[in-house]
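Student: Here it is, the structure in full.
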């Protein structure tokens, strides 16, 4: 990394070139000097570059992005957490997409105006790792003050061209951008490997069969807003941005469907979001393009990124108990019959009822009635509001019915039974005992689906952590994940969200180690299966006796002292 004296020397050299006092400068490459000269001719002085121009997304080359999205996404995942950002630009220096693996990389790009649609051509912002590659057709690395504009003086941009392997024409520019770093010497060979792979990818796409698959894929994606996936020869996989939200198992299911030699038509496939309709187009032998249409449970939801722009995210989790609950809810969702979704606090009942994660900024497709409002507006008014909402045509979720008195519950049952409007009505019930939930359902003659607590679906912890993490690079290592799995999670998924938020708010980036976790998680005892059963039995006895330890001891067949000691051991009391 250049020191201050080197920075001063570069600044003086640049000034000599821009003031036309020197045709070449010792110690500076001819490529850099030529770029400074072109930039000065187009823009005058560096201080004239106040901001970065942008173009609308409509003029960007979506086909080029579709061609390179998958390989660059895989590469970006490999450098996630290093502070590097990956940029793809067209031959005119316009940014088509950026991949940011962590908060530092994203903040760095935002500061310098490097966003989708930004124009980084030399005649727009001067010497930089995108525009200079587009202008010269050669690989460059521009460090700090070597940039023409002052807004880039704290950045390193390493860019390389991607050429058509047959014609030699410049197709795109790939750039690695980061804050000034002492290890910039590693970036050029890394980028060279990436561009070689992209050019090989282009060559493979020139094969007749692959080109036919790609052309059909483009035609369908122009006409369809749903996830579209193309399966071609030699393992070729192309997918549009919507398909990027499909789970890995979903892609494998689609591949199995398309690999069976089926013809063009509509098929039903069980995906992680429910039973989906998939329209398959048979291009030719070995080539299939699949459009994933709306599942029976509603539109296919998004995956691991946070909800934005009115898009709904996908429910997370593949644990068998969780999937069983999801399938049961989806079966009732279209029946018009009420269903109770029961579970412990924070287990995900409302998310399951909504069909997507319950988040503050997420759009809601279903009418949500909070039972706690009854204590604000009164029972009569609450029931009248409930009846009115049944008429608006939207599915209904009644949240937290454990707060309602028996007479209001009876009134709610009457309103639902007598309504002429057949809507999906899902009711959430918070209780720590599955037996209590079943008894509640029997009393009101409504079926019950039990939502498993997080301690019973610890296999979903990595996916849930990724779902809640604001930056993909904030990931627990193996030891930290072991502690998370051993913790009992009394607050369930909601508590996990809080833990992830605390780690992120503490400024943690990269790998999360045990010391980064809250003390309650770090110091939690690791329980055997027998100990977990014992703990649950004590909890149940205490619930049944409303916390009376003597009566709980009688139920358990233990002495009061033993129950007290075990409660201390399991941290049920301090």
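The values are calculated or read from the model by the stated rules, or taken from the named source; none is laboratory data. Not measured: the values here are computed from a predicted model. In this analysis, Cβ positions are derived from the backbone assuming ideal geometry, glycine residues included, and neighbour counts consider all displayed protein chains.
Student: Return the residues of the stretch 474-489 that are over 16 Å from the mean Cα position of the chain (by Cα) and under 19 Å from residue 76 (Cβ atoms); say none if nothing qualifies. Step through it out loud before you land on a result.
Tutor: As a first pass, look at the stretch 474-489 and keep what is over 16 Å from the mean Cα position of the chain (by Cα): 476-489.
Correct list: empty.
Student: Could you list all residues from the stretch 287-304 that are modelled with pLDDT of 70 or more and surrounded by 17 or more Cβ atoms within 10 Å (Cβ to Cβ)? Don't jump to the end; show me each part of the working.
Tutor: Taking the stretch 287-304 as the starting set, the residues that turn out to be modelled with pLDDT of 70 or more are 287-293.
Scanning the stretch 287-304 gives 287, 288, 289, 290, 291, 292.
Student: Hey, does the stretch 460-473 have a residue that's crowded, with 21+ Cβ neighbours inside 10 Å, more than 25 Å from the chain's Cα centre (by Cα) and either assigned to a helix (DSSP H, G or I) or at pLDDT 90 or above (or both)?
Tutor: no
Student: Now for a separate question. Hey, could you check the stretch 376-422 for residues that are at pLDDT 90 or above and assigned to a loop (DSSP other than H, G, I, E, B) and say which is nearest to residue 352 (Cα to Cα)?
Tutor: 400
Student: Would you say residue 99 is in contact with a strand residue (DSSP E or B) (Cβ under 7 Å, 6 or more places away or on another chain) and either free of Cβ contacts under 8 Å to residues at least 40 places away in the same chain or within 21 Å of residue 154 (Cα to Cα) (or both)?
Tutor: Criteria met by residue 99.
Student: Would you check if residue 83 is assigned by TED's automatic domain parsing to the domain that holds residue 16, modelled with pLDDT under 85, crowded, with 22+ Cβ neighbours inside 10 Å and in contact with a strand residue (DSSP E or B) (Cβ under 8 Å, 6 or more places away or on another chain)?
Tutor: Values: assigned by TED's automatic domain parsing to the domain that holds residue 16: yes; modelled with pLDDT under 85: yes; crowded, with 22+ Cβ neighbours inside 10 Å: no; in contact with a strand residue (DSSP E or B) (Cβ under 8 Å, 6 or more places away or on another chain): yes.
So residue 83 fails the test.
Student: Can you pull out the helices (runs of 4 or more DSSP H) entirely within the stretch 495-574 that have at least 2 residues that are modelled with pLDDT under 85 and surrounded by fewer than 17 Cβ atoms within 10 Å (Cβ to Cβ)? Explain how you work it out, then say what you get.
Tutor: Details: elements: 519-522, 529-544, 549-556, 560-569.
Filter on the stretch 495-574 gives 529-544, 560-569.
Student: Next question. Name the single residue that is nearest to residue 127 (Cα to Cα) among those in the stretch 91-108 being crowded, with 20+ Cβ neighbours inside 10 Å and over 19 Å from the mean Cα position of the chain (by Cα).
Tutor: Selected residue: 93.
Student: Here is a list of conditions, (1) in contact with a strand residue (DSSP E or B) (Cβ under 7 Å, 6 or more places away or on another chain); (2) surrounded by 14 or more Cβ atoms within 10 Å (Cβ to Cβ); (3) in a loop (DSSP other than H, G, I, E, B), and residue 427 meets all of them except one; can you say which number that is?
Tutor: (3)
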